[in-house]
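Nothing in this text is a laboratory measurement; each read-out follows from the coordinates by a stated rule. This structure is a prediction, so every number in the text was calculated from the model and none was measured. Note that we place each Cβ from the backbone using ideal geometry, even for glycine, and neighbour counts take in every protein chain shown.
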Amino acid sequence: MRHDTMQNTMLGLWEHSLGCALTSRLMAKRKGLKDYDDVYAAGLLHDIGKIILFLEFPKEYKETMNEAEFKEITIVEAERDHFVTNHADIGSWLAEKWLFPRNLIEVIKYHHKPHLSKNAPIETAIVHLADIFMRANGVGFAGDPFVPAVNPVAFETLKLSETDIKEILEEMEDSLEVTEELSL
Ligand SMILES: [Fe+2]
Ligand SMILES: [Fe+2]
């Protein structure tokens, strides 16, 4: 694979993850969580399974991303076709192996299925939502060009009003702008 393709994909994933981390922290603060920095870390690391897959199997992972785009399926579905498993499971296996904190493992494992989180439902719902906000706003690149639907359980868990969401999105844009300025 060409070096610049590899670099662009990694940069896209990094921007996606950083945006997700910033937005997750905003939401955690709004929900009054004391450990909002842990939620920031969870946002940053939620897609670590993608990095592992991409670094270990660059050619196959690129094909997986192409297939997602071509067949109009999500990256999770395309991963299942190519690797039998998906980045959330791989990320959580590694997180367990590296003895990450329990809540962090849980967010990584269930960020696409927040209704299954038993130990960290709020943190998982936050990262799930932040992930989708990033995709909807075109921040970075998550491996496929789609904006998946929000799992309704995430909204129920977080009990966010329309005003909350509007303010979160505004704050998110501000903090993303600041980050962009800093990285120039
Ligand atoms: Fe993901
Ligand atoms: Fe993501």
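Given 5 Å bins starting at zero, what is the percent of C-alpha pairs of the range 35-78 in each, up to the one with the largest pair distance?
Cα pair-distance distribution for the range 35-78, in percent: 6, 22, 20, 18, 14, 10, 7, 2, 0.
Would you work out which of T85, I75, P58 lies farthest towards the positive end of the dipole of the range 3-183? Charges go on Cβ: Lys and Arg +1, Asp and Glu -1.
My answer, from the dipole projection, is T85.
Please give the calculated 222 nm ellipticity per residue for the chain, where each DSSP H segment of at least 4 residues contributes -39500 (n - 2.57) and the sum is spread over every residue; nearest 500 deg cm²/dmol?
Only helices count here, giving -23500 deg cm²/dmol.
From the cross-link list K59/K113; K50/K159; K118/K159; K50/K71, which pairs have alpha carbons spaced over 22 Å apart?
Check vs 22 Å cut-off fails for K59/K113; K50/K159.
Sort 41-47, 52-58, 91-97 for me by packing, meaning the mean count of neighbouring Cβ atoms within 10 Å per residue, highest on top.
41-47, 91-97, 52-58
Over the range 3-183, one equal point on each Cα, no solvent: what is log10 I(q)/I(0) by the Debye formula at q = 0.12, 0.19 Å⁻¹?
Relative scattering, expressed as log10 I(q)/I(0), comes to -0.52, -1.32.
From the square roots a ≥ b ≥ c of the eigenvalues of the alpha-carbon gyration tensor of the range 77-121, which class results: rounded (a/c under 1.5), prolate (a/b over b/c), or oblate?
Here the range 77-121 falls in the oblate category.
Name the residue from L13, H111, T163 whose Cα lies farthest towards the positive end of the charge dipole of the chain, charges +1 on Cβ of Lys and Arg and -1 on Cβ of Asp and Glu.
Of the listed residues, the answer is H111.
Only Lys, Arg, Asp and Glu count, each charged at its Cβ (+1, +1, -1, -1), so figure out the dipole size of the chain about its Cα centre, rounded to 20 debye. Provide the component values of the computation, followed by the final result.
Details: 19 positive and 32 negative charges, 130 e Å.
I would put it at about 620 debye.
Using 7 Å Cα-to-Cβ label points, what is the K71/D174 separation (nm, one decimal)?
So the label points at K71 and D174 sit 4.3 nm apart.
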